[in-house]
Amino acid sequence: MSRLVYVLNGPNLNLLGKRQPAIYGYETLADVEADCRRAAGELKLEIEFHQSNAEHQIIDWIHEARERAGGIVINPAAFTHTSVAILDALNACEFPIIEVHISNVHRRESFRHHSYVSLVASGVIAGFGTQGYTLAIQRIARLIDEDQR
Ligand code: CA2
């Protein structure tokens, strides 16, 4: 299986570290990317790291990953709670998918308690801050090594 992992980030995550640190912490998205690359390097994985505010762009990257990658780590941000289109794109993938949320969505507003993406995710990480991304990289490496979904 491919050892390339797509790390995809949804809307507004480009603001990470610049607004609302009480909820999302002080790390920027560039810091998160560096963390992911470090974790991936230790596990002999390659990373494609992307963020977009546009649903169609995230879907296009999922289609690209379907052809090239061995797994996806995704923080779909607000699209988590709204996007059947992202769920459909992920459902067309035959490799492991890990869903990440920086905040503990279950301690927040009830509209954040439902996730379309969880229907297809091998696992979900929420409330571990930006550390959740490196935990997700470690988990996806294990799933790729075991050739599991
Ligand atoms: O906790 C998470 O990672 C979320 O996916 C973040 C989303 C939110 O809609 C989900 O319910 C939970 C929001 C991302 C917005 O990120 C910002 C970061 C800094 C400042 C403003 C927004």
- Say the dipole of the stretch 1-81 comes from +1 at the beta carbon of Lys and Arg and -1 at that of Asp and Glu; which of Gly70, Tyr24, Leu8 then lies farthest toward its positive end? Tyr24
- Please identify, among Ala89, Ala121, Ala136, the residue showing maximal mean-square fluctuation in a Gaussian network model of the chain using a 10 angstrom Cα cutoff. Ala89
- Between Leu119, Leu16, Leu29, find the one with the highest GNM mean-square fluctuation for the chain; connect C-alpha pairs within less than 10 Å. Leu119
- Item | For the chain, size of Cβ-based charge dipole, Lys and Arg +1, Asp and Glu -1, in debye | 420
- Query: Rounded, prolate or oblate: which one fits the stretch 1-119, using the alpha carbon gyration tensor with axes a ≥ b ≥ c (rounded when a/c is under 1.5, else prolate when a/b beats b/c, else oblate)?
  - Reply: oblate
- Task: Could you look at the stretch 1-131 and say what percent of its accessible area is carbon and sulfur, using a 1.4 Å probe and all protein chains?
- Result: 49
- Expected 222 nm ellipticity per residue - DSSP helices of 4 or more, -39500 (n - 2.57), all of the chain, to 500: -11000 deg cm²/dmol
- Query: At what distance in angstrom do the alpha carbon centres of the stretch 58-102 and the stretch 116-145 lie from each other?
  - Reply: 12
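The values are calculated or read from the model by the stated rules, or taken from the named source; none is laboratory data. Just so it is clear, the structure is predicted and the values come from calculations on it, not from any experiment. Quick reminder, even Gly has a Cβ in these numbers, built from the backbone with ideal geometry, and neighbours come from all protein chains shown. Ligands, DNA and RNA are excluded from the accessible area calculation, which covers all protein heavy atoms including side chains. Shrake-Rupley method; radii C 1.70, N 1.55, O 1.52, S 1.80 Å.
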